[in-house]
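Where a number appears in this text, it was derived from the coordinates with a stated rule and is not lab data. A quick note: this is a predicted structure, and the numbers were derived from the prediction, not measured. When we count neighbours, we look across all protein chains shown, and the Cβ atoms used for this are built from the backbone with ideal geometry, even at glycine.
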Amino acid sequence: MENEIEIKLIASQDIEQSLNKISKKQGVKLVSQSFELENIYFDTADNQLRQWDMGLRVRVNGEHIEQTIKTAGEVIGGLHQRPEYNIDISSKEPQLDLFPQQIWPKNSCVDALQNELKPLFATDFSRKGFMMIYPEGTVVEMVFDQGKIHSNGGSVEICEVELELIKGKPEVIFELAESLAKASPLRFGNDSKAARGYRLAHGTRLAIKELTEVPLTESDSLEDAYIKTINHGLAHWQHHIEVFMAEHDYLALKEVRSALQLIIKANEVYRDYFESDELKVLTKSIFWLMETLSFIDESLRIDKLLANKGQRFKKLEHHKQILRLLESERTRLPTVEHIKGLFSCEQHTLLVASLIKWLYFKPWRQQGMDSLEKFQQTQVKAHARHFLAQDWELVHKTLPYESNLGYQDYLAQRFNLQQNLQVGYCVGELFEPEPRQRFRAPWLDIGVGIDELLQFEPIKKLLREDLLEDEDGSIKTWLINKESSLIHAMEQSRKAALNMVPYWG
């Protein structure tokens with residue numbers, strides 16, 4: 001058995017030249033080779049192996065045939081750690097009884113599984129392999145794969161780099177990944193070839209997912225909860241980057257931002273348990289990405305207003321003029337290609353690398369023993385109520401029951417409300433789901449209401465900049481009526497929500 005420590009990077013061009021330059025600069029001995037690989041992936045009709053988080057592959061390299069099974073492991077961003085078993089065989093049909101018996105789940109029947117196996121998809125690609133031998137003894141294998149995944153007459157492209165630590169210091173593969181990111185457009189990849197192959201085989205596509213509560217248990221320590229929360233946010237972030245890359249859906253960018261907000265909130269919630277200059281730099285970089293993605297609100301608002309040829313304002317006399325002006329405004333915002341470039345640019349890739357390293361190396365463990373013991377031994381459930389109550393108190397102060405709030409009041413509290421809701425994602429899973437969902441529902445509705453209020457901001461902007469004429473004031477009247485109706489509904493939701501009993505007791 002080999003326990004892989006591997007970084008996967010999605011590439012946009014051949015990086016061999018960059019690698020040669022890096023190896024010379026670092027004094028690395030480079031041994032390279034190229035070969036063609038044929039790979040066939042197997043599972044049962046009901047995807048039993050996939051359900052067990054296992055992957056079975058037969059690889060043909062010239063005359064050599066090898067079967068590989070990967071069992072459940074851990075993925076942190078683009079860092080993959082999975083136990084792997086490799087065995088030489090004589091044909092393209094896998095032989096499950098050759099694998100160690102202990103890898104199979106309890107009470108599973110290997111013979112029955114063998115009989116139900118069928119090929120699901122294949123990958124064919126050219127591999128350029130580089131064995132990198134560092135002066136201090138660390139050895140890293142780097143491969144650059146270009147080819148396709150095939151299934152049911154369809155195919156998807158493969159263009160990726162994998163860095164695997166053979167022996168030595170894990171820091172080295174991060175340093176290599178960062179050097180490559182500075183030389184070529186790259187991004188960390190969560191999805192394996194197998195994951196992409198399964199989607200192709202079953203005709204499924206990457207889809208947008210709402211952010212969910214972090215899957216905590218009552219036995220989790222504060223440290224466990226913190227690690228799970230950051231990893232949860234990172235996985236959501238990277239999933240929606242891939243959704244955008246595949247589907248060009250701007251709503252995926254909104255989910256990227258939700259993931260960033262969760263990570264920011266987690267660092268705020270747990271900040272009393274460790275101090276770190278490294279974390280401050282990391283948080284600053286996350287805010288850079290938040291700011292870079294700030295255009296998404298305007299993009300989504302304009303897209304919604306333009307839907308169905310401006311159906312939302314079709315009754316206005318200035319309908320055609322507004323439509324034309326909004327279409328013009330939309331062209332000034334970042335394009336799909338611009339955003340794709342952002343996610344493969346050096347600054348973004350280095351940000352993700354820093355976060356993965358933060359989770360992998362856990363530098364907070366270098367702090368004083370008393371603080372570390374408290375962080376590692378205190379159960380998160382003991383503090384979860386305090387985290388939630390703190391934010392609930394802030395809601396009461398910023399959105400007081402006695403006040404009647406208007407347009408500017410809600411807009412001023414938009415970011416605070418979003419952040420207050422994030423603490424529920426951080427620790428809400430520790431409490432009963434029904435009362436939690438009932439309590440959060442009106443606040444989530446208010447968040448949607450604020451977005452609806454801002455839906456008409458592009459039209460207001462046209463008025464402010466005198467690009468849109470409104471001599472008779474009909475557009476302003478229409479906007480006021482829309483806002484008044486929304487605020488009335490939001491006020492009812494807010495006052496009802498403030499009277500509810502918190503789910504954390």
Report task. When you have a sec, figure out the Kirkwood radius of the range 49-161 from all distinct Cα pair distances and drop it here in Å to one decimal? Result -> 16.4 Å
Query raised in the report: Using the beta-carbon distance between L498 and T378 and R0 = 41 Å, what value does 1/(1 + (r/R0)^6) give for FRET efficiency, to the nearest 0.05?
Result: 0.85
Requested in this report: Work out the length of the dipole vector of the chain about its Cα centre, built from +1 on the beta-carbon of each Lys and Arg and -1 on the beta-carbon of each Asp and Glu, and round it to the nearest 20 debye.
Outcome: 780 debye
Query raised in the report: Of the GluC sites (Glu not before Pro) in the range 425-505, which ones lie in a loop per DSSP and count no more than 13 other C-beta atoms within 10 Å?
Result: E465, E469, E471
Report summary line: Most packed first (mean Cβ within 10 Å per residue), the peptides 386-394, 331-339, 140-148 order as 140-148, 386-394, 331-339
Query - Eligible aspartates and glutamates near K182 by straight Cα distance, threshold 15 Å, same-chain separation 8 or greater - result: D14, E16, E346
Query raised in the report: How large is the charge dipole for the range 221-373, taken about the Cα centre, if only the Cβ atoms of Lys, Arg (+1) and Asp, Glu (-1) carry charge, to the nearest 20 debye?
Result: 900 debye
**Report entry** Per principal axis, descending, Cα span of the range 2-202 in whole Å
**Finding:** 54, 36, 34
Query - Angle between the chain longest axis and helix 16-26 axis [Cα atoms, degrees, rounded to 10] - result: 80 degrees
Query raised in the report: Of K309/K461; K148/K340; K315/K461; K106/K209; K70/K169, which sit over 27 Å apart, Cα to Cα?
Result: K106/K209
Report summary line: FRET efficiency for E210 and Q102 from the Cβ-Cβ distance with R0 = 45 Å, rounded to 0.05, comes out at 0.75
Report task. Give me the distance between the Cα centres of the range 179-199 and the range 269-297, rounded to whole Å. Result -> 24 Å
Query raised in the report: Given the Cα-Cα distance of L463 and S91 and 0.36 nm per residue of separation, how much length would full extension add, in nm?
Result: 126.7 nm
Report summary line: Length gained, A441-V336, 0.36 nm per residue minus C-alpha separation, equals 34.5 nm
Report task. Using packing as a proxy for protection, rank 278-288, 253-263, 299-309 so that the peptide with the highest average count of other Cβ atoms within 10 Å comes first. Result -> 253-263, 299-309, 278-288
Report summary line: Percent relative contact order for the range 222-498, counting Cα pairs under 8 Å at least six residues apart, stands at 24 percent
**Report entry** Cα-based helix-to-principal-axis angle, 319-331 vs the chain, degrees rounded to 10
**Finding:** 40 degrees
Query raised in the report: Gain in length, C109 to S32, computed as 0.36 nm per residue apart minus the alpha-carbon separation, to one decimal in nm?
Result: 23.5 nm
Report task. For the range 423-440, take each phi angle, set θ = phi - 60°, evaluate the Karplus expression 6.51 cos²θ - 1.76 cosθ + 1.60, and give the result in whole Hz per residue in order, putting x for glycine and proline. Result -> 5, x, 5, 5, 10, x, 5, 6, 10, 4, x, 5, x, 5, 5, 5, 5, 7
Query raised in the report: What is the calculated FRET efficiency for A412 to Q347, with r their C-beta to C-beta distance and R₀ = 41 Å, to the nearest 0.05?
Result: 0.85
Query - C-alpha long axis of helix 474-498 to longest principal axis of the chain, angle in ° - result: 70 degrees
